[in-house]
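For reference, the structure discussed in these notes is given below.
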Amino acid sequence: MKRRGFALATEQVQYQKKAAMPTQHRRMTKSTLLRRSVFLFIGAALMSVGLEIFLVPNKIIDGGITGISIILSYLTHWQVGIFLTTLNIPFLFIGYKMIGKTFALSTFFAILVMSIGTALLHPVKELTNDPLLAAVFGGIILGIGVGMVIRFGGSLDGTEIIAILVSKKLPFSVGEIVMFFNLFILGSAGFVYSWDRAMYSLIAYFIAYKMIDVTIEGFDESKSVWIISDRFRQIGEAILDRLGRGVTYLEGEGGFTGEDKKVIFCVITRLEEAKLKSIVDELDPKAFLAVGNIHDVKGGRFKKKDIH
């Protein structure tokens with residue numbers, strides 16, 4: 001009995017040691033690495049175009065490190081790529097410690113491409129002298145480029161890393177710190193250039209910000225749906241049959257009544273939201289329905305059907 005108890009205890013310790021061992025990082029396949037490198041290159045190149053062909057020649061800035069680099073370039077008459085590289089280098093080391101090696105290498109590659117791109121495009125004449133057109137199209141191109149780099153694991157601006165570090169010592173969220181930081185930079189354009197350029201810069205920043213979101217999340221935005229209903233089976237089958245979306249039944253418990261509840265969970269596209277709501281309303285008008293945005297969806301075995 002003692003031997004058996006000792007053996008069980010030894011087996012348990014060995015199991016705990018195995019469980020405590022960290023899972024090793026898997027190396028990226030060559031195809032994945034090539035795909036990531038290509039999109040990082042395209043994203044960084046687009047940012048170079050947005051800066052040197054639209055924003056910088058028209059004295060329009062963006063937020064973050066990019067905005068500071070444009071202002072310093074104007075004041076010193078040095079190329080903007082020099083400041084973009086110099087100011088972002090410290091964040092490579094911080095990003096390496098906070099996020100990891102892959103992020104740091106992806107960021108370094110993107111910054112290198114962007115710096116070379118701005119140097120090559122610096123002698124090229126701007127496409128427009130209209131500040132409004134420059135703000136709109138520069139913001140679009142810049143936003144797509146930055147969003148593409150972020151989507152594929154890199155970064156071209158250390159503002160958020162600063163915000164994460166500062167938020168640990170101040171009672172403000174990361175988003176609030178980034179907003180304050182960018183408002184300060186965009187406001188500086190009024191003193192360095194003129195106040196009309198500061199307003200154009202605000203337009204460019206807003207457009208770039210929205211384009212970053214679109215590029216990261218995609219146009220076909222997905223939504224998560226949670227439904228609580230006593231007629232969960234009928235609703236689930238209707239979603240399966242009429243929307244062609246897989247559903248998952250989860251166990252729940254009412255906080256007020258203590259009764260067992262079934263929760264339906266599924267993922268749909270933005271265009272399917274209205275149809276799903278009509279299905280739920282048709283089968284159980286009193287059902288609880290919650291819909292939220294999600295950035296990315298991967299996996300799942302249910303094949304999409306036409307809506308009917």
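Data table
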| item | result |
| --- | --- |
| Accessible-area order (highest first, 1.4 angstrom probe) of the listed residues Lys101, Lys286, Lys223 | Lys286, Lys101, Lys223 |
| Segment 50-90 and segment 191-261: distance between their alpha carbon centers, rounded to Å | 35 Å |
| Fully extended contour minus Cα-Cα distance, from Ala287 to Ser224, at 0.36 nm per residue | 21.1 nm |
| Highest average packing first - 62-74, 266-278, Cβ atoms within 10 Å | 62-74, 266-278 |
| Asp130-Tyr96 pseudo-label distance in nm [points 7 Å out on the Cα-to-Cβ vector] | 4.7 nm |
| Cα centroid separation - segment 107-152 against segment 262-290, whole Å | 42 Å |
| Carbon/sulfur fraction of accessible area - segment 184-244, other protein chains in place, 1.4 Å, % | 64 percent |
| Computed FRET value (nearest 0.05) for His77 with Ser188, which takes r as the C-beta separation and R₀ as 22 Å | 0.80 |
| Efficiency of FRET between Phe180 and Val214 - r from beta-carbon atoms, R0 41 angstrom, step 0.05 | 0.95 |
| For Val166, solvent-accessible area (1.4 Å; no DNA, RNA or ligand), Å² | 50 Å² |
| Contour minus Cα-Cα distance for Leu170 and Phe265 (0.36 nm per residue) | 30.4 nm |
| Listed residues Met179, Met98 arranged by accessible area, highest first, probe 1.4 Å | Met179, Met98 |
| Over 20 Å (Cα to Cα) - which of Lys97/Lys169; Lys210/Lys275; Lys59/Lys125; Lys169/Lys210; Lys30/Lys101 fall in this group | Lys210/Lys275; Lys169/Lys210 |
| Sequence of Phe180, Phe206 from largest to smallest accessible area, 1.4 Å probe | Phe180, Phe206 |
| Lys, Arg +1 and Asp, Glu -1 on Cβ, resulting dipole of segment 229-295 about Cα centre, debye, nearest 20 | 240 debye |
| Paramagnetic reach from Thr32 in segment 94-111 [backbone N under 17 Å; point 7 Å along Cα→Cβ] | 100-107 |
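The values are calculated or read from the model by the stated rules, or taken from the named source; none is laboratory data. All figures in this text were calculated on a predicted structure; none of them were measured in a lab. Note that each Cβ is placed from the backbone with ideal geometry, even for glycine, and that neighbours are counted across all protein chains shown. Ligands, DNA and RNA are stripped out before the accessible areas are found, and what is left, the full protein with its side chains, is counted by its heavy atoms. Shrake-Rupley method; radii C 1.70, N 1.55, O 1.52, S 1.80 Å.
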